[in-house]
Amino acid sequence: MRTHYCGELKQQHIGQEITVCGWVNRRRDHGGVIFVDLRDRKGMLQVVFDPDDAAMFADAERLRNEFVLKVEGKLRIRPEGTANPDMPTGEVELLARKLHILNSSETPPFQLDDDEVHDDLRLKYRYIDLRRPDMQYRMQLRARVTHFLRSWLENHEFMDIETPMLTRATPEGARDYLVPSRTYSGTFFALPQSPQLFKQLLMMSGMDRYYQIARCFRDEDLRADRQPEFTQLDIETSFMQEDDIMSLMEDMMRELFQSVMNVSVDAEFPRISYANAMERFGSDKPDLRISLELVTVSDLLADVEFKVFSAPARDPQGRVAALRIPGGNSLTRKEIDGYTELVGRYGAKGLAYIKCNDIDQGREGLQSPILKFLPDEAIAEILRRTRAQSGDLIFFGADRANIVNDSLGALRVKIAQDLNLVEDGWRFLWVVDFPMFEHDEREDRWNALHHPFTAPNTENADELEADPGNFLSRAYDMVLNGTELGGGSIRIHQQEMQLRVLKLLGIDQQEAEEKFGFLLTALNYGCPPHGGIAFGLDRMVMLMAGANSIRDVMAFPKTQTAACLLTQAPAPVSDQQLKELSIRVRKPQS
């Protein structure tokens with residue numbers, strides 16, 4: 001129906017007979033000449049309707065936004081002084097000779113260039129929202145990313161293999177979406193939270209290198225970077241160690257950003273241990289574009305009279321840390337109160353601070369309600385460790401280590417954003433050497449920091465069981481600009497070790513056989529050493545597109561309450577369908 005896309009036309013096409021199709025983005029009537037900005041997937045083109053053709057001009061007069069058109073005409077240079085430098089096609093225009101109105105449109109529920117439209121309205125009319133140039137760009141970017149990843153992985157001998165959508169429920173940290181079985185009354189399938197067990201089985205099947213762009217489902221509370229259904233790039237390999245997998249994935253990311261974004265990233269991604277990341281940044285996904293770092297000062301404050309500091313400083317599970325803010329001396333009391341409220345959301349009881357007016361004057365050049373509790377030598381060492389300068393401000397966190405890390409880690413990011421301390425660019429890194437387990441003191445049990453199939457950094461199951469808190473896992477997370485892009489590990493490939501790990505997690509052999517019997521059996525039939533990684537594809541594209549939420553890079557996302565406003569799902573089903581599934585729904589009494 002067309003010879004060109006609207007956004008493709010340039011000066012080299014002047015004089016050619018052109019046919020374009022698209023939507024009316026805007027119609028303007030200027031003294032008897034009608035101009036229409038016609039929009040398609042690749043951009044916009046100005047179309048001119050001259051009153052010399054009365055019939056065509058009459059049709060053009062009734063055009064409105066979002067009418068669908070086919071226009072034939074000759075491309076010409078715009079008259080002198082009328083070029084639009086903000087449009088890629090702004091130097092040319094199409095003089096219409098034939099107009100075909102392919103479909104009309106009711107008045108849209110919102111204008112495509114209105115940035116103040118409520119998200120619920122956008123999601124209800126998502127097919128209109130997707131017409132916006134921003135959304136067109138994001139969907140095209142996503143398509144380019146997935147195309148590149150498929151090509152790259154296949155060129156590196158990875159096989160694209162699908163795994164089942166209907167499987168059995170397994171404990172993986174979130175609630176499963178359940179699907180009732182009609183043929184096996186009273187039983188349920190589960191939608192996969194990830195293809196984890198199947199991709200391990202594929203390694204046991206000799207597939208050697210597997211990948212899949214997989215749909216995953218988790219019934220959990222949502223936030224900006226979560227959806228009930230999402231997409232991950234799933235990868236698994238046999239006979240490769242951590243360094244091999246990480247090096248391969250670095251190559252893939254470097255080539256992806258060069259090919260799709262025309263961006264060169266670091267030749268080698270830095271590697272930071274989990275302990276080091278928490279110590280310096282308060283986060284296991286630190287944003288390296290922010291130079292601010294936490295500094296431990298517990299040893300300096302264990303004996304001060306100020307119990308807010310001394311109690312956590314003496315507690316083996318506690319921490320006192322300082323965070324220097326360059327130029328932060330200018331922060332107002334109101335701004336400091338706002339940051340105090342922020343850290344309170346992470347469990348912090350307050351936010352102590354010292355303003356460094358003039359550090360050359362010693363204590364006299366500092367300003368803080370807590371100075372009277374601190375000896376001169378402690379103050380001097382805090383200034384030295386934090387590298388404080390006149391005009392800076394130092395915040396303090398004092399509590400259990402996890403509260404200090406969470407609160408100051410969040411404060412570090414927020415202040416850097418507020419004070420424009422975030423550098424430009426793309427900063428990748430690996431976080432490695434995670435603890436194998438973390439202890440839940442309330443329930444007195446061990447939890448896997450990654451998942452139950454991650455291998456520990458020991459082959460001795462007896463040693464692991466005797467002191468589980470003393471071992472690291474063979475796991476690795478790739479982080480980009482403060483967002484976890486993907487996580488992976490070397491897997492357990494021996495049944496005895498897998499049973500011991502499950503036992504430490506409170507899953508005895510009987511329960512393990514019931515939930516993971518197929519995997520445990522397979523481990524006894526020549527399972528190779530194997531490992532892999534899964535990347536959040538939605539998050540990856542979100543970062544590359546500069547979007548704020550993964551919803552902005554998904555065609556048809558759900559709301560924060562896991563509902564689809566477009567299709568009105570979830571929705572009731574008929575009594576007959578429920579009867580076929582042997583499900584009885586208790587109806588509310590009137």
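Scanning region 335-375 for residues that are under 41 Å from the mean Cα position of the chain (by Cα) and of a type in the set (Phe, Trp, Tyr) yields Tyr339, Tyr346, Tyr353. Which one is surrounded by the fewest Cβ atoms within 10 Å (Cβ to Cβ) among residues in region 460-506 that are in contact with a Lys or Arg (Cβ under 8 Å, 6 or more places away or on another chain) and hydrophobic (A, V, I, L, M, F, W, C)? By that ranking, first place goes to Leu505. Do we have any residue at all in region 234-243 that's crowded, with 18+ Cβ neighbours inside 10 Å, touching a Ser or Thr at 6+ places or on another chain (Cβ under 9 Å) and hydroxyl-bearing (Ser, Thr, Tyr)? No, there is no match, as no residue in region 234-243 is crowded, with 18+ Cβ neighbours inside 10 Å, touching a Ser or Thr at 6+ places or on another chain (Cβ under 9 Å) and hydroxyl-bearing (Ser, Thr, Tyr).
Per this entry, Phe257 is counted among residues that are touching a Ser or Thr at 6+ places or on another chain (Cβ under 9 Å), closer than 24 Å to Arg289 by Cα, at pLDDT 95 or above and surrounded by 14 or more Cβ atoms within 10 Å (Cβ to Cβ). No other residue among Glu484, Glu459 is over 17 Å from Ala352 (Cα atoms), in contact with a Gly (Cβ under 9 Å, 6 or more places away or on another chain) and not assigned by TED's automatic domain parsing to the domain that holds Arg345 apart from Glu484. The C-beta contact set for region 123-146 (first residue closer than 14 Å to Phe556 by Cβ, second residue at pLDDT below 95 and among the hydroxyl-bearing types (Ser, Thr, Tyr), distance under 9 angstrom, 6+ apart or interchain) comprises Leu123/Thr559. Restricting attention to region 381-399, the residues being over 16 Å from Glu364 (Cβ atoms) and of a type in the set (Ser, Thr, Tyr) number 1. In region 345-364, which residue that is in a helix (DSSP H, G or I), farther than 17 Å from Ile325 by Cβ and touching a helix residue (DSSP H, G or I) at 6+ places or on another chain (Cβ under 8 Å) is modelled with the highest pLDDT? In this case the residue turns out to be Arg363.
Screening the candidates Thr163, Thr231, Thr146 for the property of being more than 30 Å from Ile272 (Cα to Cα) and in the same structural domain as Thr561 (by TED's automatic domain parsing) yields one hit, Thr163. Would you mention how many residues in region 39-66 are over 30 Å from Arg138 (Cβ atoms) and in contact with a Gly (Cβ under 6 Å, 6 or more places away or on another chain)? Count: 1. Tallying residues that are in contact with a Pro (Cβ under 9 Å, 6 or more places away or on another chain) and in contact (Cβ under 8 Å) with a residue 40 or more places away in the chain within region 176-201 yields 3.
On inspection, Glu229 passes the criterion of being within 30 Å of Ala190 (Cα to Cα) and of a type outside the set (Phe, Trp, Tyr). Return yes when Leu197 is over 16 Å from Leu166 (Cβ atoms), touching a helix residue (DSSP H, G or I) at 6+ places or on another chain (Cβ under 6 Å) and buried (at least 18 other Cβ atoms within 10 Å of the Cβ) and no when it is not. No.
Scanning region 285-303 for residues that are closer than 18 Å to Leu383 by Cβ and among the charged types (D, E, K, R), we see that the one that is surrounded by the most Cβ atoms within 10 Å (Cβ to Cβ) is Glu293. Each residue in region 551-582 was checked for being under 18 Å from Tyr177 (Cβ atoms), touching a residue at least 24 places away in the same chain (Cβ under 8 Å) and among the aliphatic types (A, V, I, L, M), and 3 pass. Hey, among the residues in region 304-343 that are in a helix (DSSP H, G or I) and among the hydroxyl-bearing types (Ser, Thr, Tyr), which one's surrounded by the most Cβ atoms within 10 Å (Cβ to Cβ)? If we take residues in region 304-343 being in a helix (DSSP H, G or I) and among the hydroxyl-bearing types (Ser, Thr, Tyr), then Tyr339 is surrounded by the most Cβ atoms within 10 Å (Cβ to Cβ).
For Ala563, the test of being surrounded by 13 or more Cβ atoms within 10 Å (Cβ to Cβ), at pLDDT below 95 and assigned by TED's automatic domain parsing to the domain that holds Arg131 is passed.
Would region 146-159 turn up any residue that is closer than 30 Å to Leu581 by Cα, of a type outside the set (S, T, N, Q) and not in a strand (DSSP E or B)? Among the residues of region 146-159, not one is closer than 30 Å to Leu581 by Cα, of a type outside the set (S, T, N, Q) and not in a strand (DSSP E or B), which makes the answer no. Checked against (1) out of contact with any helix residue (DSSP H, G or I) (no Cβ under 9 Å at 6 or more places or on another chain); (2) assigned by TED's automatic domain parsing to the domain that holds Val295; (3) buried (at least 17 other Cβ atoms within 10 Å of the Cβ), His450 passes all but a single condition, namely (2).
The values are calculated or read from the model by the stated rules, or taken from the named source; none is laboratory data. Since we're looking at a predicted model, the values are computed, not measured. Reconstructed Cβ throughout: ideal geometry from the backbone, glycine too, with neighbour counts over all protein chains shown.
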